[in-house]
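The values are calculated or read from the model by the stated rules, or taken from the named source; none is laboratory data. Given the structure is predicted, the values throughout are model-derived calculations rather than measurements. Quick reminder, even Gly has a Cβ in these numbers, built from the backbone with ideal geometry, and neighbours come from all protein chains shown. Heads up: the accessible areas ignore ligands, DNA and RNA and are worked out on the full protein's heavy atoms, side chains in. Shrake-Rupley method; radii C 1.70, N 1.55, O 1.52, S 1.80 Å.
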Amino acid sequence: AIGMALFFVIMWPIRRMRRRRKAEAAASAERGAAESGTSTAQARTAQEGHRTCGWERAFPGWSGGNACSADTIGHTGFTGTGLWIDFDRGLAWTLLTNRVHPSRHADSGIFTLRPAVGDALIRAWDQE
């Protein structure tokens, strides 16, 4: 019982801090975009199909998972790494892997791992 009480005591401040950080990050992003004259909209604007300038926009079956909002971008690397940013949720995550070890010619399972990780993270995020 003490363990659960401690868990809830710790979780409450963490949730409050996360909400405050989200609000501060949004305000900071707006100030930064206004000051620099640039916007993340450039990275989110499709140039050809689902590709943007250096990023890929969410589409059915993509590497970030099916739970991503339509306003999500991502970038994957040859060794299995990836970075995704869901602007609607204010959530970003990265996956650091080495799919080429011990051989780049074997099926590493990375193409199922990436979307499974994204879907699991978003489910956990949405429950908070």
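Applying the selection to the stretch 62-86, what residues are part of a loop (DSSP other than H, G, I, E, B) and open to solvent by less than 60 Å² (accessible area, probe 1.4 Å)?
Trp62, Ser63, Gly64, Gly65, Ala67, Cys68, Ser69, Asp71, Gly77, Thr79, Gly80, Thr81
For Ala34, state whether it is modelled with pLDDT under 90, surrounded by 14 or more Cβ atoms within 10 Å (Cβ to Cβ) and either in a helix (DSSP H, G or I) or in contact with a strand residue (DSSP E or B) (Cβ under 8 Å, 6 or more places away or on another chain) (or both).
no
Could you identify the single residue in Arg18, Arg89 that is open to solvent by less than 60 Å² (accessible area, probe 1.4 Å), modelled with pLDDT under 70 and outside any strand (DSSP E or B)?
Going through Arg18, Arg89 in turn, the sole match is Arg18.
Of the conditions (1) more than 22 Å from Arg21 (Cβ to Cβ); (2) in contact with a strand residue (DSSP E or B) (Cβ under 9 Å, 6 or more places away or on another chain), Trp125 fails just one. Which one is it?
(1)
Can you name the residue in the stretch 86-110 that is without any contact (Cβ under 8 Å) to a residue 24 or more places away in the chain and among the hydrophobic types (A, V, I, L, M, F, W, C) and is also nearest to Ala67 (Cα to Cα) among such residues?
Ala92
Could you tell me whether any residue of the stretch 107-125 is modelled with pLDDT under 90, of a type in the set (Val, Ile, Thr) and either open to solvent by less than 60 Å² (accessible area, probe 1.4 Å) or within 10 Å of the chain's Cα centre (by Cα) (or both)?
Taking every residue of the stretch 107-125 in turn, at least one turns out to be modelled with pLDDT under 90, of a type in the set (Val, Ile, Thr) and either open to solvent by less than 60 Å² (accessible area, probe 1.4 Å) or within 10 Å of the chain's Cα centre (by Cα) (or both).
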